[in-house]
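**Q** Shown below is the structure under consideration.
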Amino acid sequence: MEAINIVWFKKDLRLADHAPLYHAVQAGLPVLLMYCFEPSQTQHPSYSERHSWYAYHSIADMQQHLKPFGITIYLSQLEFTQVLETLLPHYQVHTVFAHRETAMLHTRQRNEAVAAFCSLNGITFQEFPATGVLPASQVDPPNWLQQWKTAIHAPIYTLNLGKITTPDLPKHIVQQFLPPTLPSLIGKSNKQFKPDKAWQKPGETNAHELLTNFILHKASNGYQKKRGLPHESATASSRLSAPLAFGNITIKQIYWQLKQLKLDSTNQHDLTIFKQQLLARDYALQMFEMNPQIEQQNLNYAVNGIRLKWNEALFEAFIQSKTGFPLVDAAMLCLQKTGFINHRLRALLASFVAHHLWLDWRKAAAPIAKLLVDFEPGIFYWNLQNLSSCTGLYPLNILLPAKEAKRIDKNGLFIKQWLPQFKLIPGALCGHPALLSDLEQQMYHFKPGKDYPLPIVNIAETELHAQTQLERIYQKPIAVKETAKLTAAILPLPAALQTRQKALGSKS
Ligand SMILES: Cc1cc2nc3c(=O)[nH]c(=O)nc-3n(C[C@H](O)[C@H](O)[C@H](O)COP(=O)(O)OP(=O)(O)OC[C@H]3O[C@@H](n4cnc5c(N)ncnc54)[C@H](O)[C@@H]3O)c2cc1C
């Protein structure tokens, strides 16, 4: 029986700086490259066809680079353990090389199943940490920043693709993997999902183009300011979140590239802000790695007794972009149509659901997550909990849709882009249509309740309610004690992030 090793690709869809691939090739045996669209993952409520679409195209990009060497990444719709079962009668699988992702419970359970299967079948399962995030047991909290810097400045894994030798799998085995086609992954009759030119191009090649373009051009063109503005951010922000979430590029590679490209002083300030975002990313991931329970539980148990009733009608209006709050609805429409909104809008949506609709983030999480192409559980849950005031670690910050519109969309460009019925309305009034007088409604052919829904909640009342409830809870001695305990126990926030986190949800 031929002995082989396997590189199991997951959310690490790149060929460069790939520790498992590098070490598998070094090991000398023929290497089978494998990616599985596993039902245990694709059927999770936070997963959607947009994630399959992004993964599929990322792999297609890798296949292009491997093609000249006659190498293929095999695809399957089986669980990875079933793929191993299919292979074992024909090959002696020596080692499975893979990255260890910072993941949700269902993914960690899948990884445990793979580890157990390997151990039972005499296969070595060798996992490598993703750059910048350490297994919880290896973190030295006071020195985490130093540990992170060491990790991201470590040498990049470079590999001559011509050195990869792969086993040539017979057709009857490949067929058993149930290799998917793109239409089978995204659903042929899926009317909701129509990626067009506005969608971010997936893949490693695109990630590097995006990065170079960002460093050389966008960073000196008002990045810091524009990333916060909804209308501008789609093109002015780095847009590296999806490539990072799918592992098309690593933070190590980004830092290396920042060093390589000659930079003038004009973009140094914005690049510093950019580097802070990258640090915030890995901080959030490290927090999740150390506190994976935040996927399911409030970090601060003091708030466990709130938001116990679910109101499906309110949540449905939110998902259908029919809240009657233009910036909230425009954000949801943009997210539905493009898979992306900027940080400020994500914060607004999270705050709106938690504070104004008074709904539990746990039930709201998956329907929002499945819309984000760049869904990254560690970042997502950490931000969601903070914005819902379920950690107690940052000052209460209830975002008000009309006030936010005035601040970040003062000319109404974003609202008009997604809600054409606002076309004639002066920009300053777009975020607050209730202010339109009868005469103005006639002038602008805009009738609230007819052309656009009336607000589903009274925002002054919901703000007061949320503020009163949360202040009451967090002032209780038991909550003060728990918050102090958490503050002392969690990973210290690096100084570079402290000012931006203080105003979490307001001035990031
Ligand atoms: C409720 C909520 C949910 C979020 N969910 C996700 C998610 O699932 N996936 C995700 O990648 N980001 C998430 N973010 C963070 C942030 O909104 C996005 O990373 C950012 O908008 C992506 O745009 P960009 O790539 O142009 O980022 P830039 O603003 O150019 O930043 C560069 C990179 O830094 C990281 N980053 C930026 N902001 C943050 C932040 N606040 N926390 C941690 N890392 C950050 C991202 O990797 C990003 O690509 C969330 C924020 C909020 C408030």
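The values are calculated or read from the model by the stated rules, or taken from the named source; none is laboratory data. It should be emphasised that the depicted structure is a prediction, and the values quoted were computed from it without experimental measurement. Cβ atoms come from the backbone with ideal geometry, glycine included; neighbour counts cover every protein chain shown.
**Q** Please give the number of the condition ALA402 fails out of (1) more than 30 Å from LEU279 (Cα to Cα); (2) within 16 Å of the ligand (Cβ to nearest atom).
**A** (2)
**Q** For segment 274-293, check the following and say yes or no: at least one residue is in contact with a Cys (Cβ under 9 Å, 6 or more places away or on another chain) and either modelled with pLDDT under 95 or at negative phi (or both).
**A** Start the filter on segment 274-293 by keeping residues that are in contact with a Cys (Cβ under 9 Å, 6 or more places away or on another chain), which leaves none.
No, because not a single residue in segment 274-293 is in contact with a Cys (Cβ under 9 Å, 6 or more places away or on another chain) and either modelled with pLDDT under 95 or at negative phi (or both).
**Q** Of the residues THR462, THR499, only one is part of a helix (DSSP H, G or I), within 16 Å of the ligand (Cβ to nearest atom) and β-branched (Val, Ile, Thr); which? Can you show your working first?
**A** Details: THR462 fails: within 16 Å of the ligand (Cβ to nearest atom).
Only one candidate passes the filter, namely THR499.
Yes or no, residue by residue, for (1) touching a residue at least 60 places away in the same chain (Cβ under 8 Å); (2) over 28 Å from SER52 (Cβ atoms); (3) in a loop (DSSP other than H, G, I, E, B); (4) not assigned by TED's automatic domain parsing to the domain that holds LEU429:
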| site | (1), (2), (3), (4) |
| --- | --- |
| LYS309 | no, yes, yes, no |
| LEU333 | yes, no, no, no |
| ILE341 | yes, no, yes, no |
| LEU345 | yes, no, no, no |
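**Q** Against the definition (in contact with a Gly (Cβ under 9 Å, 6 or more places away or on another chain), in contact (Cβ under 8 Å) with a residue 60 or more places away in the chain and assigned by TED's automatic domain parsing to the domain that holds TYR394), how does LEU285 come out, yes or no?
**A** Considered against the rule, which asks whether it is in contact with a Gly (Cβ under 9 Å, 6 or more places away or on another chain), in contact (Cβ under 8 Å) with a residue 60 or more places away in the chain and assigned by TED's automatic domain parsing to the domain that holds TYR394, LEU285 comes out as no.
**Q** Among the residues of segment 198-256 satisfying the criterion of being in a helix (DSSP H, G or I) and of a type in the set (Lys, Arg), which is modelled with the lowest pLDDT?
**A** Per the criteria, the residue is LYS218.
**Q** Taking the stated definitions as given, is LEU105 within 30 Å of LEU493 (Cβ to Cβ), loosely packed, with under 15 Cβ neighbours inside 10 Å and either in contact (Cβ under 8 Å) with a residue 12 or more places away in the chain or in the same structural domain as GLU38 (by TED's automatic domain parsing) (or both)?
**A** Criteria met by LEU105.
**Q** Right, here's the next one. Condition (residue is away from the ligand (no atom under 16 Å from the Cβ) and within 30 Å of PHE414 (Cα to Cα)) applied to segment 275-297: is it met by at least one residue?
**A** No.
**Q** Anything in segment 292-316 that is surrounded by fewer than 16 Cβ atoms within 10 Å (Cβ to Cβ), over 20 Å from the mean Cα position of the chain (by Cα) and closer than 23 Å to GLY378 by Cβ? List them, or say none.
**A** TYR301, ASN304, listed by residue number.
**Q** Sticking with this one: Do you know which residues across segment 81-123 are aliphatic (A, V, I, L, M), out of contact with any Phe, Trp or Tyr (no Cβ under 9 Å at 6 or more places or on another chain) and not in a helix (DSSP H, G or I)?
**A** Correct list: LEU88, VAL93.
**Q** With the structure loaded, tell me whether TYR444 is of a type in the set (Ser, Thr, Tyr) and closer than 23 Å to ALA350 by Cα or whether it fails that test.
**A** no
**Q** Can I ask one more? Quick check on this structure: which one of ASN221, ASN213, ASN206 is under 15 Å from SER58 (Cβ atoms), surrounded by fewer than 21 Cβ atoms within 10 Å (Cβ to Cβ) and either more than 17 Å from the chain's Cα centre (by Cα) or more than 9 Å from the ligand (Cβ to nearest atom) (or both)?
**A** Within the list ASN221, ASN213, ASN206, the selection yields ASN206.
**Q** When you scan segment 224-255, how many residues do you find that are of a type in the set (S, T, N, Q) and touching a Pro at 6+ places or on another chain (Cβ under 9 Å)?
**A** Final tally of qualifying residues: 1.
**Q** Checking the condition in contact (Cβ under 8 Å) with a residue 60 or more places away in the chain and farther than 14 Å from GLY324 by Cβ, which residue from LEU424, LEU429, LEU413 passes?
**A** On the way: LEU424 fails: in contact (Cβ under 8 Å) with a residue 60 or more places away in the chain; LEU429 fails: in contact (Cβ under 8 Å) with a residue 60 or more places away in the chain.
The conditions single out LEU413.
**Q** It is to be established whether one or more residues within segment 318-326 are closer than 29 Å to VAL139 by Cα and either modelled with pLDDT under 95 or more than 10 Å from the ligand (Cβ to nearest atom) (or both).
**A** no
**Q** Further, regarding this structure: How many residues are closer than 26 Å to LEU470 by Cβ and part of a loop (DSSP other than H, G, I, E, B) when one looks only at segment 354-371?
**A** Summing the residues that are closer than 26 Å to LEU470 by Cβ and part of a loop (DSSP other than H, G, I, E, B) in segment 354-371 gives 4.
**Q** Filter segment 384-440 down to the residues that are among the aliphatic types (A, V, I, L, M) and closer than 30 Å to PRO492 by Cβ and list them by number.
**A** LEU384, LEU387, LEU393, LEU396, ILE398, LEU399
**Q** Right, something else. Tell me the residue from PHE128, PHE97 that is surrounded by fewer than 18 Cβ atoms within 10 Å (Cβ to Cβ) and of a type in the set (Phe, Trp, Tyr), please.
**A** Numbers: PHE97 fails: surrounded by fewer than 18 Cβ atoms within 10 Å (Cβ to Cβ).
None of the others qualify; the one that does is PHE128.
**Q** Does GLN41 meet the test of being in a helix (DSSP H, G or I), out of contact with any strand residue (DSSP E or B) (no Cβ under 6 Å at 6 or more places or on another chain) and free of Cβ contacts under 8 Å to residues at least 60 places away in the same chain?
**A** The answer is no for GLN41.
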